[in-house]
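Reading through the structure tokens given below for one structure.
The values are calculated or read from the model by the stated rules, or taken from the named source; none is laboratory data. Just so it is clear, the model here is predicted, and its values are computed rather than measured. We place every Cβ from the backbone using ideal geometry, glycine too, and count neighbours over all the protein chains shown.
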Amino acid sequence: MNRILPLKLALCLPVALLCACQALPTLSGFGAAPATATTAAASTTGAAAANVEIPMASLPLVERRESLTATGYAVISVQNHRLPAQQRLLAIRAAKLDAYRSLTEQVYGLRMDATATVADMVVQNDTFRSRVEGVIYGATLVSITPSGDDTYETTLSLDKATVQDLRMLYLGQLASKNK
């Protein structure tokens with residue numbers, strides 16, 4: 001029995017380390033070099049740091065892109081104004097806000113709450129609620145174009161260095177809240 005325990009530890013430890021290394025790039029690998037992502041992992045004492053090379057192919061697709069893009073849409077005719085020119089301006093603003101919301105979802109994620117009520121094996125009520133919260137700065141306006149007769153489309157872009165800054169700011173805020 002005493003011989004089996006060290007053998008199990010010897011087999012389990014490398015597997016645990018590999019799993020931990022694979023989880024690292026999701027928050028810290030976004031600003032990595034094109035060929036590989038280098039992650040510095042400090043020891044528990046903080047005295048030494050080890051570099052872990054992670055191939056770009058193993059990073060999530062969102063982490064490999066040069067920038068994030070988001071498109072927002074708004075209908076002109078539903079805007080709350082009587083003048084058509086003002087309705088168009090309000091639709092452009094609404095489309096831009098929709099694009100910012102989409103960028104925020106990509107950077108911070110989306111919180112989903114869902115409930116379903118089933119009675120007699122039939123769905124009675126199915127409710128979904130989503131919420132996104134975050135700060136976006138440094139977005140570049142790519143285009144504002146009419147889409148069809150009654151819709152505006154706005155596209156925004158956010159480079160990966162800014163996304164990394166936003167994520168680090170978010171993680172810092174989470175850490176300060178937990179103290």
- Task: Only one of these is surrounded by fewer than 16 Cβ atoms within 10 Å (Cβ to Cβ) and under 22 Å from Gln164 (Cβ atoms): Thr104, Thr140, Thr115. Name it.
- Result: Thr140
- When restricted to Gln164, Gln87, the only residue polar (S, T, N, Q) and at pLDDT 95 or above is Gln87
- Query: Does Tyr73 satisfy being under 30 Å from Lys160 (Cβ atoms), in contact (Cβ under 8 Å) with a residue 60 or more places away in the chain and either part of a helix (DSSP H, G or I) or of a type in the set (Ser, Thr, Tyr) (or both)?
  - Reply: yes
- Task: Test Leu171 against the criterion of being under 22 Å from Thr71 (Cβ atoms) and either in the same structural domain as Gln86 (by TED's automatic domain parsing) or touching a residue at least 24 places away in the same chain (Cβ under 8 Å) (or both), and give yes or no.
- Result: no
- In the range 150-172, is there at least one residue being exposed (fewer than 15 other Cβ atoms within 10 Å of the Cβ), small (Gly, Ala, Ser) and in a loop (DSSP other than H, G, I, E, B)? no
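Considering only the range 126-149, how many residues are assigned to a strand (DSSP E or B) and within 17 Å of the chain's Cα centre (by Cα)? First the steps, then the outcome.
Filtering the range 126-149 for residues assigned to a strand (DSSP E or B) gives 126-131, 140-146.
This time we only want the ones that are within 17 Å of the chain's Cα centre (by Cα), so: 130-131.
Looking only at that region, the number is 2.
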- Hey, Arg129 touching an Asp or Glu at 6+ places or on another chain (Cβ under 6 Å) and charged (D, E, K, R) or not: yes
- Item | Residue count for the range 98-125, restricted to those that are among the aliphatic types (A, V, I, L, M), free of Cβ contacts under 8 Å to residues at least 40 places away in the same chain and not in a strand (DSSP E or B) | 2
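Out of curiosity, is Gly109 within 29 Å of Gln164 (Cβ to Cβ), surrounded by 10 or more Cβ atoms within 10 Å (Cβ to Cβ) and in contact with an Asp or Glu (Cβ under 9 Å, 6 or more places away or on another chain)? Let's see the steps before the verdict.
Working: within 29 Å of Gln164 (Cβ to Cβ): yes; surrounded by 10 or more Cβ atoms within 10 Å (Cβ to Cβ): yes; in contact with an Asp or Glu (Cβ under 9 Å, 6 or more places away or on another chain): no.
So Gly109 fails the test.
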